[in-house]
Amino acid sequence: MCGRGNPRIWAVLAIALFCRVAGAQRLSDLTTPTPLPPGSTLVIGFLGFYERWDDPHRGVRQLVLRLRQRPGVYAESFSNHRRSVALSLIRRALDTNRNGRLDPEEKARARIILFGQSWGGAAAIATARDLERLGIPVLLTAQVDSVGMSDKMVPANVHAAVNFYQHDPLTIQGRSEIRADDPTRTVILGNFRSTYIFRSVDERDASWARRSLGGGHIKMELDPATWRRVEQFISDAITRR
């Protein structure tokens, strides 16, 4: 059996499961006021794999903390396995009259941005689809080396979308192209490729396993240049009315 012959695999899975349960995120962990002040923008970032939602070493979390310094911007990071908590936050944030349901006017005033890395990129698109079913628009989705089964097509409730990826050998390779369900409603801002074959990044914040086994996928997550570009697209979406 796999478990008898590969104890290390089961040990890794057990640790990942423990971290997921022990670090389960709740609404009480969030700082965003509900409902949001009028005219505010809510930015939600999803981390990859089984990473803790508040891990300060992760690019998603670091960008969220920087965005919180901007007036009128509220930002939260989530595990990609806790999308239900993110959706609960969005519902509460938009319910300005506190009647427990979202009226058409409340939905129309929504200013939401979704982004994520690896599995988190796929979670951002899945959350955008959840919001589409609710009739809630999204200003921007941004995917960083996105990994998933249904993360290629961007739903029509998203105004603009951008994608960053790498396809270096011997590593997890992100989604190379995103497309719009409805090109008349969604602008694809670009599919931007990076490579780390002849380029290094600062990996001091990464564990030995991530440095040794992660390859270009991990290097892109640690690349400050990538996150500066993501931040710029988010900034543009925030200021665009």
Filter result for Ser118 (of a type in the set (Gly, Ala, Ser) and open to solvent by less than 50 Å² (accessible area, probe 1.4 Å)): yes
Residues of the stretch 1-52 classified as part of a loop (DSSP other than H, G, I, E, B), at pLDDT below 95 and open to solvent by less than 30 Å² (accessible area, probe 1.4 Å), total: 4
Single match in Ala237, Ala206, Ala225 (criterion: under 20 Å from the mean Cα position of the chain (by Cα), open to solvent by less than 90 Å² (accessible area, probe 1.4 Å) and under 27 Å from Gly39 (Cβ atoms)): Ala237
Qualifying residue in the stretch 96-109 (condition: among the hydrophobic types (A, V, I, L, M, F, W, C) and more than 27 Å from Arg185 (Cα to Cα)): no
Inter-residue pairs, beta-carbon under 7 Å, first within 9 Å of Asn191 (Cα to Cα) and open to solvent by 10 Å² or more (accessible area, probe 1.4 Å) and in the stretch 156-170, second assigned to a strand (DSSP E or B) and basic (Lys, Arg), 6+ apart: Tyr165/Arg193
Flag if Val230 is among the aliphatic types (A, V, I, L, M), part of a loop (DSSP other than H, G, I, E, B) and within 18 Å of the chain's Cα centre (by Cα): no
Of all residues making up the stretch 34-77, the number that are closer than 17 Å to Gln143 by Cα and of a type in the set (D, E, K, R): 4
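In the stretch 74-92, how many are among the small types (Gly, Ala, Ser), under 20 Å from Trp227 (Cα atoms) and open to solvent by 10 Å² or more (accessible area, probe 1.4 Å)? Lay out the reasoning, then the answer.
So in the stretch 74-92, the residues among the small types (Gly, Ala, Ser) come out as 75, 77, 79, 84, 86, 88.
If we keep only those that are under 20 Å from Trp227 (Cα atoms) too, we end up with 75, 77, 79.
With the extra rule that they be open to solvent by 10 Å² or more (accessible area, probe 1.4 Å), the set shrinks to 79.
So the answer is 1.
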Within the stretch 53-73, considering residues that are in a helix (DSSP H, G or I) and under 13 Å from the mean Cα position of the chain (by Cα), the one surrounded by the fewest Cβ atoms within 10 Å (Cβ to Cβ): Gln62
Count - residues of the stretch 171-198 that are over 18 Å from Gln117 (Cα atoms) and open to solvent by 90 Å² or more (accessible area, probe 1.4 Å): 5
Filter pass, Gly135 being open to solvent by 10 Å² or more (accessible area, probe 1.4 Å), within 23 Å of Leu36 (Cα to Cα) and among the small types (Gly, Ala, Ser): yes
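The values are calculated or read from the model by the stated rules, or taken from the named source; none is laboratory data. This is a predicted model, so every value here is computed, not measured. Positions of Cβ are backbone-derived with ideal geometry, glycine not excepted, and every protein chain shown enters the neighbour counts. Accessible surface areas use protein heavy atoms only, side chains included; no ligands, DNA or RNA. Shrake-Rupley method; radii C 1.70, N 1.55, O 1.52, S 1.80 Å.
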